[in-house]
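Here is the structure we will look at.
Where a number appears in this text, it was derived from the coordinates with a stated rule and is not lab data. Computed from a predicted structure; not experimentally measured. So basically every Cβ, Gly included, is an ideal-geometry build from the backbone, and we count neighbours across all protein chains shown.
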Amino acid sequence: MGTKRSYGIAVIAGDGIGLEVVPAALSVLHEAGRQGGFTLECKDFSWGCDYHAENGYMMPENALELLEPYNAIFLGAVGSPQIAEHVPVWGLVLPIRKGFDQYVNLRPMRLLPGIVSPLGGRGVKDVDMVCVRENSEGEYSGIGKRRLIGTPGEVAEQTAIFTRRGVERIVRYAFELASRRPRKMLASATKSNALQHSMVMWDEIVDAIAEDYPSVWATSYHIDALAARMVSHPQTLDVIVASNLFGDILTDLGAAISGSLGMGASGNINPERRYPSMFEAIHGSAPDIAGQGIANPIGATWAGAMLLQHIGEAEAARRVMRAIERVLLAGEARTPDLGGDATTEQMTAAIAAAL
């Protein structure tokens, strides 16, 4: 017998329902590994808002050094009502994304079999998109300041930074992805009628790179029109490439029309693999249902399937997704966000059994 394949996974369950859905998803991934002849050697890092309450920061100064040796990072969610919303993002999530140059945020937006979309009359063939979100600069560059705080003349300045290198690499990644998908369509999210510098440059770069991909049908949409199209004509969209902020907004909409925010998965990818990539559900820590045992584990499990795909276990990733689809199609296990009464544990057990 050959040596069993082994992968090191850094696990940051974080806060709220992250502490519930991460163990649930990992139980499915471990079962997929057992069947597929590989193991996931997981190391837990107890960073997040509780860590912040004790230490004054979300993660230690040498966090990136501790994470770098791992094959991938599995993140639950960060956030707590007791701490300002920007602190977890800027104290943990963005430092990892930026520090490891995870410049691609890949978010599938697909209606799975057995789920009824809130869009009337739409089926699985109508909602099948993926968003390639720029993940390292743009509107989340963090440059700005507030002046005269608390006075009538207070001013807040937030600067978006777009570089040619940053836009070119995310747009080219999106075109490459579109060229490998059956429909070979790409939609670029822009707002160049109002953002006369950043989005005009974005449009020019998209047009230039499009010449290298004649097989891909590329169209630029203003972000507001694209959001409307996702609702009215989702079947006309395939790969969407968007800036940091635009992609963030569109993918929550994409999860909603796919049945639930609890279905959303994402990967923060360093395509060159110089650093580990990070995988997470997009739903946040959901403090309103945390601790009730009813969180939907599908978003985290889907993110886990993306992790398996990334580390080279493509067949295991396919089996995990097929198991999710079989459970949803059967309709016997549904968490409350999907109209059922199953617990996180029951839903997870059903997925693991379907493997």
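Toward the positive end of the charge dipole of the chain, with +1 on the Cβ of Lys and Arg and -1 on the Cβ of Asp and Glu, the farthest Cα among Leu195, Ala352, Gly262 is that of Ala352.
For the peptides 93-100, 334-341, residues were scored by their other Cβ atoms within 10 Å and the scores averaged per peptide; the highest-first order is 93-100, 334-341. The tail of the calculated P(r) for the range 1-141, taken as Cα-Cα distances beyond 26 Å, holds 40 percent of the pairs. Around the amide H of Arg110, modelled in the peptide plane, lie the amide H atoms of Met129, all under 5 Å away and 5 or more residues distant in sequence or on another chain.
Secondary structure note: in the chain, about 40% of the DSSP beta bridges are antiparallel. The local environment of Asp238, defined by Cβ-Cβ distances under 9 Å, has a net charge of +2 under the rule Lys, Arg +1 and Asp, Glu -1. Which value in deg cm²/dmol, rounded to the nearest 500, describes the helix-derived mean residue ellipticity at 222 nm for the chain, given -39,500 (n - 2.57) per DSSP H run of n ≥ 4 and division by the residue count? Per the formula, -11500 deg cm²/dmol. Positive contributions from Lys and Arg (+1) and negative ones from Asp and Glu (-1), summed over other residues with Cβ under 9 Å from the Cβ of Ala290, come out at -3. Report, as a whole number in µm² per second, the diffusion coefficient that Stokes-Einstein gives for the range 116-257 at 4 °C and 1.567 mPa s using the Kirkwood radius over alpha carbon pairs. Taking Rh from Cα pairs, D becomes 80 µm²/s. In the range 116-257, what % of DSSP beta bridges are antiparallel (nearest 5)? If I count the DSSP bridges inside the range 116-257, around 30 percent turn out antiparallel. Footprinting exposure proxy ranking of Trp217, Trp47, fewest other C-beta atoms within 10 angstrom first, gives Trp217, Trp47. Quickly work out the Leu64-to-Glu211 label distance, labels modelled 7 Å from Cα along the C-beta direction, and quote it in nm with one decimal. Here the modelled spin labels are 3.6 nm apart. Using the alpha carbons alone, the radius of gyration of the range 247-318 stands to its Kirkwood radius in an Rg to Rh ratio of 1.01. Of all the options His52, His233, His197, the one that moves most in a Gaussian network model of the chain with Cα springs shorter than 10 angstrom is His197. Computed from the alpha carbon atoms alone, the convex hull of the chain holds 156 Å³ per residue. Between rounded, prolate and oblate, where does the range 276-355 land on the alpha carbon gyration tensor, with a ≥ b ≥ c its root eigenvalues, rounded for a/c under 1.5, else prolate if a/b exceeds b/c? Oblate is the answer for the range 276-355, as a/c is 1.5 or above yet b/c matches or exceeds a/b. Remark: spin-label model distance Glu204-Arg146 equals 3.6 nm, labels positioned 7 Å along the Cα→Cβ axis. For Arg5, the residues whose amide H sits under 5 Å from its own are Thr39, ignoring neighbours fewer than 5 places away on the same chain, with H placed 1.01 Å from N.
For a label point 7 angstrom out from the Cα of Val116 toward its Cβ, which stretches of the range 301-344 have the backbone nitrogen within less than 13 Å? It comes to 338-340, nothing else. Here the average projected area of the convex hull drawn through the C-alpha atoms of the range 65-130 stands at 7.3 nm². Among the lysines, which fall within straight-line cross-link reach of Lys43, defined as a Cα-Cα distance under 27 Å, with same-chain neighbours fewer than 8 residues apart omitted? Filter leaves Lys4, Lys98. Placing R0 at 41 angstrom, the Cβ-Cβ distance between Arg318 and Ala225 gives a FRET efficiency of 0.75 after rounding to 0.05.
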